[in-house]
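This report refers to the structure that appears directly beneath it.
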Amino acid sequence: MTTPTLHDPTLKSILREHGREPAALLQILRAVQEAYQHLPSETIATIALELDVPIARVRGVAGFYAFLSERPWGRYRVLFSDNVTDRMQGSQDLLAYMCERLWLERGHVSEDGLISIDTTSCTGLCDQGPGMLVNGRAIGNLSRERIDQLCELILAQIPESEWPIQLFAIVDNIHRRDLILGQALQPGEAIRAALDFGDSPQRETAANARSWREAVPGNATGPQAVLDEIKRANLRGRGGAGFTTGVKWQACRDAAGQQRYVVCNADEGEPGTFKDRVLLNSFADLVFDGMTVCAYAIGAGEGFLYLRGEYRFLLEKLEAVLDARRRSGLLGKAILGVPGFDFDIRIHLGAGAYVCGEESALIESLEGKRGVPRNRPPYPVTNGYLQRPTTVNNVETFCAAALIARHGADGYRAVGTAKSAGSKLLSVAGDCARPGIYEYPFGVTVRQVLEDCGAVDPQAVQISGPSGVCIGVDEFDRRIAFEDLPTAGAFTVFDQSRDMFEVARNYAHFFAHESCGFCTPCRVGTAMLRNIMDKIHAGHGTPYDLREIERLDKVLGMSAHCGLGHTACNPTLDTLKRFRPAYERRLKSLDFEPAFDLDGALAVARQMTGRDDEGAHLRTETPT
């Protein structure tokens with residue numbers, strides 16, 4: 001393929017579509033990557049010129065995101081998901097099998113430039129893995145038969161658009177419904193309810209209502225009434241941290257400035273999480289209703305859905321939903337005929353960066369930059385997108401907000417616990433008979449979830465992904481709630497056959513791979529943790545290495561720039577605490593042993609010089 005220049009019609013169309021705006025840099029690079037399979041140097045220079053930004057910025061962005069590359073990766077770029085659940089389902093053997101079928105080495109491009117095969121982080125298909133991406137398109141339920149089929153299609157150079165549609169079938173796998181998944185709201189219903197606050201009779205109390213859905217909105221009016229209702233419902237963010245949503249919205253509304261933004265964080269990159277995929281696939285109108293209710297409450301005129309790059313297959317469907325809402329008067333100028341209620345939503349596609357799940361890093365990415373977390377304060381509610389007041393919530397939070405706007409706070413608070421109102425969606429995967437999405441009122445026990453999903457003889461559950469907590473059998477009566485086990489949604493089950501050391505080692509590799517590299521403690525610390533785990537895996541570990549992990553955790557906790565570094569040691573420390581024998585049986589001796597034998601590496605030099613006396617050897621000392 002020839003290198004695109006400014007006169008190339010495809011490149012001209014991409015630049016024109018995005019208005020040659022520097023904030024659209026990532027979207028422009030993504031579009032060029034899709035069109036040409038890589039980012040040619042000449043094209044990067046052209047983009048820098050057209051956007052009037054330094055070429056170093058363009059190269060910096062191109063080098064930051066995993067799905068962008070200045071190096072050609074072939075007409076077919078195959079990326080196997082490397083989450084621990086994919087490995088449990090046999091992804092490594094399937095990757096080796098595909099490489100063997102195509103006579104190709106992992107991480108390299110075939111000699112004819114047709115294909116490359118490598119791994120990527122979790123693709124959000126844990127309930128139907130092993131999974132992969134082919135040129136960004138998700139394929140699940142991999143098997144040798146399916147790999148054979150893919151190899152034949154690739155060798156025949158058949159475009160993905162002509163591949164059998166069943167290859168790309170991704171199902172929801174919903175096994176339990178409650179407040180969100182059990183609702184039947186029509187598009188715009190929550191917005192109408194928010195606008196009508198004050199026109200309905202006095203709200204029924206939770207005690208008088210037969211169900212939460214019968215609770216009637218109160219008689220306050222205007223955007224402040226919506227904010228008050230969200231605060232009264234005690235809705236807390238569903239991303240794991242649990243910050244009170246109403247307080248965040250109020251702070252954004254009260255911030256100085258005329259232009260405000262609503263951002264939906266759909267970059268669920270935490271390994272083991274896939275609930276947002278289901279909500280966006282089957283409940284997109286509810287998500288957009290929640291965003292629009294938020295816009296009404298805080299006075300925002302523009303919104304963004306930040307869609308993780310692994311969910312590229314949902315883009316066209318979501319764009320169609322947005323178009324339908326515009327035609328129905330649910331987006332755009334004077335929503336539902338209300339003068340001045342102007343709000344629209346754009347979709348911003350990520351490009352493979354776990355750290356962009358952190359809200360300030362996400363905002364940097366929205367602005368067309370590297371996704372490096374910002375120093376805080378100031379916070380996004382006052383200095384967010386383009387340094388303007390911005391509310392950032394995740395997909396599930398906006399769904400819950402829409403339901404509160406429609407049905408009121410009292411009934412919502414009647415579900416869950418005193419400190420954790422409402423329901424929680426769990427992405428259940430791993431060693432269980434029925435992986436998928438389960439929605440429970442807050443307060444459900446881990447044991448109940450295990451029984452419902454058909455987990456047989458479990459030994460551990462990883463709650464909220466690697467940045468969360470790993471619990472053992474004696475803790476299965478603990479509850480999913482902010483006051484006990486808060487979670488962003490991941491619920492990964494490991495039975496007695498699993499080696500918990502290898503689980504933690506996989507997570508250590510994940511954190512080292514996903515560190516943005518901005519701060520030295522995280523960049524170096526996560527690599528050191530990975531190397532220690534590899535050293536123990538190779539049979540060279542000692543108690544000294546276990547103590548070193550604890551030291552690393554303290555350093556990262558005190559000095560890392562963002563939450564990625566702060567939580568990187570969590571899986572290792574949790575499994576070390578609860579499954580210590582899995583580590584100790586790998587320890588070679590009680591003495592320190594370096595991971596690299598420097599004296600042994602000098603053997604060739606000694607042979608060449610003919611020296612083998614004491615002075616030609618390095619003396620080693622055991623650290624204390």
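For a paramagnetic label modelled at 7 Å from the Cα of Arg346 toward its Cβ, which residues of region 23-48 fall within the zone defined by backbone nitrogen distances under 12 Å?
Residues 23-28 fall inside that zone.
Among Lys12, Lys577, rank each residue by its count of other Cβ atoms within 10 Å, from fewest to most, as a rough exposure measure.
Ordered from fewest to most neighbouring Cβ atoms within 10 Å, Lys12, Lys577 come out as Lys577, Lys12.
Kindly express, to the nearest 10 degrees and within the range 0 to 90, the angle between helix 55-64's C-alpha long axis and the longest C-alpha principal axis of the chain.
80
Bins of 5 Å, beginning at zero and ending with the bin holding the largest distance: percent of Cα pairs per bin for region 423-496, please.
Taking all Cα pairs of region 423-496, the binned fractions are 4, 18, 34, 30, 13, 1 percent.
In region 102-174, which GluC sites (Glu not before Pro) are in a loop and have at most 16 other Cβ atoms within 10 Å, using DSSP for the loop call?
Loop-located and lightly packed - Glu105, Glu111.
Bin width 10 Å, alpha-carbon pairs only: give the P(r) of region 51-118 as whole percents, running from 0 to the bin holding the largest distance.
Taking all Cα pairs of region 51-118, the binned fractions are 19, 38, 28, 12, 4 percent.
Which residues' amide hydrogens lie under 5 Å from the amide hydrogen of Gln459, considering only partners 5 or more residues apart or on another chain, with H built in the peptide plane?
Close amide H contacts, sequence-distant or interchain: Phe494, Asp495, Gln496.
Gain in length, Arg327 to Phe313, computed as 0.36 nm per residue apart minus the alpha-carbon separation, to one decimal in nm? Don't skip to the end; give the middle numbers.
Working: separation 14, 0.36 × 14 = 5.04 nm, distance 2.34 nm.
Gain on extension, Arg327 to Phe313, equals 2.7 nm.
With θ set to phi - 60°, apply the Karplus curve 6.51 cos²θ - 1.76 cosθ + 1.60 along region 402-418 and write out the HN-Hα couplings as whole Hz, x wherever there is a Gly or Pro.
Going residue by residue, I get 4, 5, 5, 4, 7, 10, x, 7, 4, x, 5, 5, 6, 9, x, 10, 4 Hz, with x marking Gly and Pro.
Can you sort Lys419, Lys554, Lys248 so the residue with the fewest Cβ neighbours within 10 Å comes first?
By the 10 Å Cβ count, ascending: Lys554, Lys419, Lys248.
Inverting the mean 1/r over all pairs of different Cα atoms, compute the Kirkwood radius of region 9-64 and quote it in Å.
Taking the inverse mean of 1/r over all distinct Cα pairs, region 9-64 comes out at 10.9 Å.
Using modelled amide H (1.01 Å from N, peptide plane; none on Pro or chain starts), what sits under 5 Å from the amide H of Cys122, excluding residues fewer than 5 places away?
Asp82, Asn83
Obtain the nm distance between the two label points defined at Glu550 and Arg434 by a simple spin-label model: each point lies 7 Å from its Cα along the Cα-to-C-beta direction.
4.3
In whole angstrom, how long is each semi-axis of the equivalent ellipsoid of region 76-171, when you take the square root of 5 times every eigenvalue of its Cα gyration tensor and sort them from largest down?
Output for region 76-171: semi-axes of 19, 16, 11 Å.
May I ask for the Rg/Rh ratio of region 367-492, computed from Cα atoms with Rh as the Kirkwood radius, given to two decimals? Working shown, then result.
Working: Rg = 17.5 Å, Rh = 16.6 Å.
We get a ratio of 1.05 for region 367-492.
Taking a temperature of 4 °C and a viscosity of 1.567 mPa s, what whole-number D in µm²/s does Stokes-Einstein yield for region 501-584 with Rh from Kirkwood over alpha carbon pairs?
Estimated diffusion coefficient is 104 µm²/s.
Could you list which residues have their amide H under 5 Å from that of Gly301, counting only those 5 or more apart in sequence or on another chain, with H placed in the peptide plane?
Under 5 Å from the amide H of Gly301 lie the amide H atoms of Arg260, each far enough along the sequence or on another chain.
Note the full-extension length gain between Ala56 and Arg177 as 0.36 nm times their separation in residues minus their Cα-Cα distance, in nm to one decimal.
This chain segment gains 38.7 nm when fully extended.
Using all alpha carbons of the chain, what is the percent of pairwise distances in each 10 Å bin, ordered from the shortest bin to the longest?
In order of increasing distance, the bins hold 3, 15, 24, 26, 18, 9, 3, 1, 0, 0 percent.
Share of antiparallel DSSP beta bridges in region 76-171, in percent to the nearest 5?
55
Please give, to one decimal in nm, the separation of the simple spin-label points placed at Val456 and Leu155, each 7 Å out from Cα toward the Cβ.
Here the modelled spin labels are 3.8 nm apart.
Pull out the extension gain between Arg192 and Asn281, defined as 0.36 nm times the separation in residues minus the alpha carbon to alpha carbon distance; nm, one decimal. Please list the in-between numbers first.
Numbers: separation 89, 0.36 × 89 = 32.04 nm, distance 2.32 nm.
Here the segment from Arg192 to Asn281 would lengthen by 29.7 nm.
With θ set to phi - 60° and the Karplus curve 6.51 cos²θ - 1.76 cosθ + 1.60, what are the ³J(HN,Hα) couplings of region 317-326 in order, to the nearest whole Hz, using x for Gly and Pro?
5, 5, 4, 5, 5, 4, 4, 5, 5, 5
With label points built 7 Å along Cα→Cβ from the Cα atoms of Ser41 and Arg376, find their separation and express it in nm.
Those two pseudo-labels are separated by 4.0 nm.
State the dimensionless ratio Rg/Rh of region 250-394 (Rg: radius of gyration of Cα atoms; Rh: Kirkwood radius). Kindly include the intermediate steps, with their values, before the conclusion.
On the way: Rg = 14.7 Å, Rh = 15.4 Å.
Reported Rg/Rh, Kirkwood definition of Rh: 0.96.
Using alpha carbon centroids, what distance separates region 348-398 and region 411-451, in Å?
Distance between centres, Cα-based: 28 Å.
Explain nothing, just compute: Karplus ³J(HN,Hα) = 6.51 cos²θ - 1.76 cosθ + 1.60, θ = phi - 60°, for every residue of region 165-180 in order, whole Hz, x for Gly and Pro.
4, 5, 4, 9, 6, 10, 9, 7, 6, 8, 10, 8, 10, 9, 4, 7
Arrange the following residues from fewest to most other Cβ atoms within 10 Å of their Cβ: Lys424, Lys333. Walk me through the intermediate numbers first.
On the way: Lys424 28, Lys333 12.
By the 10 Å Cβ count, ascending: Lys333, Lys424.
All of the numbers you see were taken from the coordinates with simple rules; none came from a lab. Keep in mind the model is a prediction, meaning the values are calculated, not measured. Please note: Cβ atoms are built from the backbone with ideal geometry, for glycine as well, and neighbour counts cover all protein chains shown.
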